[in-house]
Amino acid sequence: MSHFLEAKKICKSFPGLQALNNVDLNVNKGEILAVVGENGAGKSTLMKILGGVINPDSGEILLDGQTVNIASIPQAQKLGIALIHQELHLAENLNVAANIFLGQEPRRGGILRLIDNKIYDLANQIMQELGLNCSPHALVSELSVGQKQLVEIARALSFQFRILIMDEPTASLSLDESKRLFGIIKALKEKDVTVLYISHRLKEIEEIADRVLVLRDGLNSGELQKSEIKHEAMVRLMVGRELKQFFQHAHRVQKTAEPLLRVEALRYLENQKPITFDIRPGEIVGMSGLAGSGRTELAETITGLRPMLTGEVFLKGENISISSPADAIRAGIFLVPEDRRLHGLVLPASVKDNILLASLNNIGHLGIIPLRGGDSLVQDMCEKLTIKTPSLNQQVGFLSGGNQQKVVLAKWLCRKPRVIIFDEPTQGIDVGAKAEIYALMDELAKDGIGILMISSDLEEILHVSDRVLVMHHASLAGELEGKDISEESIMKLATGGLVAA
Amino acid sequence: MKKLTGLIVFLVVLYIALAIAVPSQGFALNNYNLAERIGQYGVISLGAALVIITGGIDLSIGSVVVLSATACAILLTDKSFGLDPMLALPLVLGGGAVIGLIHGLLITKMNLPPFMVTLCGLFIYRGVARTISGNMSKGIGNQCIELRHFLYEGDIFGLPRFLVIYIILAIIAAIFLHFSVYGRYLYAIGGNEKAAKYSGIATDKYKILSYVLCSTLAAFFGILFLMKNNAVTPSSDGFFLELYAIAGAVLGGCSLRGGEGTVIGITIGTAIMWILPNLTNMWGVPSELEFIVIGSALLLGAIMDEKLRPAAKNA
């Protein structure tokens, strides 16, 4: 029997990363196929290929038994394939209705149907179905993250498609919003629409999927039929046997130790519940929460990138004032940012220049940097962190994701770190390099450095953290320790549920 | 909306000040000249705005104006051409369109920064104009009286012809930008090019279109310039025109980040740009201070704009 949509032996590589290696996928009409895997397993890449956003290096795609060439987004749309991206792609300067219909506006000879309100009427219909409670005239820039995500979904629903690809559509939705979305997906299934569904929330997948395809490190890892879809079965296929080896964190935190960093009653927004927490020496504190819950903002406030409206920061009991990144760095509080290519590195500069960027004052004399200054320091760092680079003068943009992340870390280790905040430290990094990053974090913790690790990867949070803080709507929803740390308890807090305990 | 209200208030205040400053017997004439100037320069502000809305910039406007005026004068009056205006004008406008097309292609297909491409254009077209004119003034003398009458001389219902032309263009531009699918795409590209691309919009095509329209409008301004001044001197005319055009658009609410701006705003911005020097002139402020006044007004506008920006962006 031939499938409705079939992808055969799809390969795609990016510099330093084989994202997909001979991956197969097939799905029938009216089937809901969940695609799961760890971060960097290749799910999004595969979906982007099916949606015409990127082109595969090799492989074949068949639709209704016919070979098709999905070279561009309009081509995918013509074939009836709609893709809801993981990241928000909205024109924030336009209103909700304009975004929903972008590219396929109701029109009469090139003129928008604004005067007879057709655009707004149609938008309202879709918005009501989704439970998006705002005016279609509202500017997208004024919406919350959850609402923006619903606009993104509404956009896909606004046109005729046979295949709907959803890449983590619920990442920043509340439980109610997610429930409503599942209702819509089930209704689509009734209409014989094929749905490809990506999510990290395995509970959702148990509830909704007809079949599960699991990817691992760019390879097919296995498939589960409806009756086999169980949380443990998915995790087993996602992480494989190696999991235990990778996450070896010795819990050596002294619970009685004085807090190393204490953040008290901090606010970076007006009308925000003040945030208070502390990190003990040698402790890895995981921070979980939905996209847009304010984790990155909190990290930016502590490191002086964002003004602190109220609150105090204590380092070893001493009140320090942080009003600029320079203040935080002087205190030894460093940030390894979420988007390393944008905020962590100077991409066209060399490995050496990047590593020394924050320490030039110590190396230079009277502002002049000696020609070979810092070479030995950089050499040490590269060895200590096993940074794989052809030379110290290699442009950092050409390194693999894992090595780039190590360069960011090396930059801070040249100074004396006391607290390091990692924001999504292993995003887009292959499994091998992930393990190395975790080992480095462990190493740092052993030296008594306090670590705050922001992550959307629940497996990572579960296995690396000594303690977990959960954020929801820009406030601390709860704190979990020891046996209380579980995927369920974290998700409950992250989506605004009551405290688990 | 807040922005627009602020601009209107500012414009009204300036105009009242002007009414007080100008002696009553000269007021009508001053108004007429002012309206003509606003109409004329509004043409290039519209062009600059189209590009700015997509998040681009065009620095070559002044040079395109001078080249077009020079080419127009030569085509109309040179012995070896002596073309009929019905032929010469489309040629000049078409030339402008081709220049815009080249800009657009270089920016989209070769991925060059708009600033760089149009900066090079600024030098090149000025040089071409000086070369084809033999580095001399080119005039139309007493020829083309009909054309001049049609485009420039005399009023229509008491309004200068340049203003009438501008009003027609502005209405077309308003329909294009605010009510057509294509205008919507320009805003979407300026707001988030990736979002536009992911919606299946041929973003390159629309960016190219904006540069074509901008250069065509600059060429049209060149024709108007020639009609009004009767001659053009490529070595000295038309300097800073692109900056006036950009300043008018930005003062009128176009954000250099792209994605923002309205035709009514651009019109008010251009009006403010030209009332200001008129007013300072009437107040007897030495003309060497004029640029300081314009620059300060722009700076003030930019500061106000930042203050009025909704704080939601930082949330």
### Task
Mind checking which of B:Leu89, B:Gly62, B:Leu177 is farthest towards the positive end of chain B's charge dipole, using Cβ charges of +1 (Lys, Arg) and -1 (Asp, Glu) about the Cα centre?
B:Leu177
### Query
Which aspartates and glutamates have a Cα less than 16 Å from the Cα of B:Lys109, not counting those fewer than 8 places away in the same chain?
B:Glu193, B:Asp204
### Task
Please compute the net charge surrounding A:Lys388, taking Lys and Arg as +1 and Asp and Glu as -1 over other residues with Cβ under 12 Å from its Cβ.
-1
### Message
Can you show me the helix-derived [θ] at 222 nm for chain A, built from DSSP H runs with n ≥ 4 at -39,500 (n - 2.57) apiece and divided by the number of residues, rounded to the nearest 500.
### Response
-9000 deg cm²/dmol
### Query
Rounded to the nearest 100 Å², what is the sum over both chains of accessible area buried where A meets B, with a probe of 1.4 Å?
2100
### Cα-only Debye scattering, region A:345-415: base-10 log of I(q)/I(0) at q = 0.19, 0.24, 0.26 Å⁻¹
-0.66, -1.04, -1.21
#### Entry: Surface share of carbon and sulfur [accessible, 1.4 angstrom probe, percent] for the protein assembly as shown
58
### Task
Please build a GNM for chain B, connecting alpha carbons under 10 Å apart, and tell me which residue among B:Ala97, B:Ala302, B:Ala69 fluctuates the most.
B:Ala302
### Task
Per residue of A:90-102, count partner chain C-beta atoms within 10 Å of its C-beta, then hand back the mean as an integer.
6
### Query
Of A:Ile368, A:Val378, A:Cys414, which is farthest on the positive side of the dipole of region A:345-415, counting Cα position, with +1 on Lys and Arg Cβ, -1 on Asp and Glu Cβ, and the Cα centre as origin?
A:Cys414
#### Entry: chain A, relative contact order [Cα under 8 Å, separation at least 6], %
15
### Query
By a straight-distance test (C-alpha under 23 Å), which lysines pair with A:Lys352 as possible cross-link partners, with residues fewer than eight away in the same chain excluded?
A:Lys384, A:Lys388, A:Lys406, A:Lys411, A:Lys416, A:Lys434
### Task
Collect residues whose amide H, placed 1.01 Å from N in the peptide plane, falls under 5 Å from the amide H of A:Met166; neighbours closer than 5 in sequence don't count.
A:Ile84, A:Leu196, A:Tyr197, A:Ile198
### Message
Under 25 Å between alpha carbons, and skipping anything fewer than 8 positions from A:Lys8 in its own chain: which lysines qualify?
### Response
A:Lys29, A:Lys43, A:Lys48, A:Lys78, A:Lys189, A:Lys226
### Query
Counting only residues 5 or more places away or on other chains, whose amide H sits under 5 Å from the amide H of B:Glu260 once H atoms are built in the peptide plane?
B:Ser255
### Query
Using a 1.4 Å probe, what is the accessible area per residue for chain B, in Å²?
45
### Message
Treating only the Cα positions of region A:347-501 as identical point scatterers, give the base-10 log of I(q)/I(0) from the Debye formula at each q in 0.11, 0.16 Å⁻¹.
### Response
-0.53, -0.92
### Query
How big is the C-alpha Rg of region A:144-303 next to the rule-of-thumb value 2.2 N^0.38 Å, as a ratio?
1.35
### Summary
With +1 on the Cβ of every Lys and Arg and -1 on the Cβ of every Asp and Glu, the dipole magnitude of region A:5-241 about its Cα centre, in debye rounded to the nearest 20, is 260
### Geometric extent, Cα atoms of chain B - Rg, Dmax (angstrom)
19.7, 67
#### Entry: Net +/- balance of residues flanking B:Thr108 in space, Cβ distance below 12 Å, scoring K and R +1, D and E -1
+2
### J(HN,Hα) series, region B:62-69, from Karplus relation 6.51 cos²θ - 1.76 cosθ + 1.60, nearest Hz, glycine and proline x
x, 6, 5, 4, 5, 4, 5, 5
#### Entry: Whole-Hz couplings from phi, Karplus 6.51/-1.76/1.60, listed for region B:157-163; x for Gly and Pro
6, x, 9, x, 4, 4, 5
### Task
Could you work out how far the C-alpha centroid of region B:1-57 sits from that of region A:190-241, in angstrom?
62
### Summary
For A:Asp339 and A:Ser58, extending 7 Å from Cα along the Cα-Cβ vector and measuring point to point gives, in nm, a value of 3.5
### Summary
Along region B:73-81, Karplus-curve 3J(HN,Hα) (6.51, -1.76, 1.60; θ = phi - 60°) to the nearest Hz, with x for Gly and Pro, reads 4, 5, 4, 7, 10, 5, 4, 6, 10
#### Entry: Whole-Å semi-axes of the ellipsoid equivalent to region A:5-241 (Cα gyration tensor, √5λ, descending)
31, 20, 16
### Task
Determine the relative contact order of region A:345-415: mean sequence separation of Cα pairs under 8 Å and six or more apart, normalised by residue count, in whole percent.
50
### Task
Tell me, rounded to the nearest percent, the portion of alpha carbon pairs in the protein assembly as shown spaced more than 44 Å apart.
41
### Message
Over chain B, what is the relative contact order in percent, taking alpha-carbon pairs closer than 8 angstrom and at least six residues apart?
### Response
35
### Query
What whole-number value in Å² describes the accessible area per residue of region A:62-200 for a 1.4 Å probe?
41
### Query
Which residue fluctuates the most in chain B, going by a Gaussian network model with Cα springs under 10 Å, if the choices are B:Leu67, B:Leu83, B:Leu46?
B:Leu83
### Query
Computed on alpha carbon atoms, what radius of gyration and Dmax characterise region A:406-460, expressed in Å?
11.0, 31
### Query
What is the Å³ per residue value for the convex hull set by the Cα atoms of region B:1-65?
109
### Query
What is the set of long-range amide H partners of A:Phe4 at a cut-off below 5 Å, with H atoms built 1.01 Å from backbone N?
A:Val27, A:Asn28, A:Lys29
### Query
How much net charge surrounds B:Arg37 when only the other residues with a Cβ under 13 Å from the Cβ of B:Arg37 are counted, with Lys and Arg +1 and Asp and Glu -1?
+1
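The values are calculated or read from the model by the stated rules, or taken from the named source; none is laboratory data. Just so it is clear, the structure is predicted and the values come from calculations on it, not from any experiment. Positions of Cβ are generated from backbone atoms using ideal geometry, with glycine treated the same way; all protein chains shown enter the neighbour counts. When the accessible area is computed, the model is the full protein with side chains, heavy atoms only, and any ligands, DNA or RNA have been set aside. Shrake-Rupley method; radii C 1.70, N 1.55, O 1.52, S 1.80 Å.
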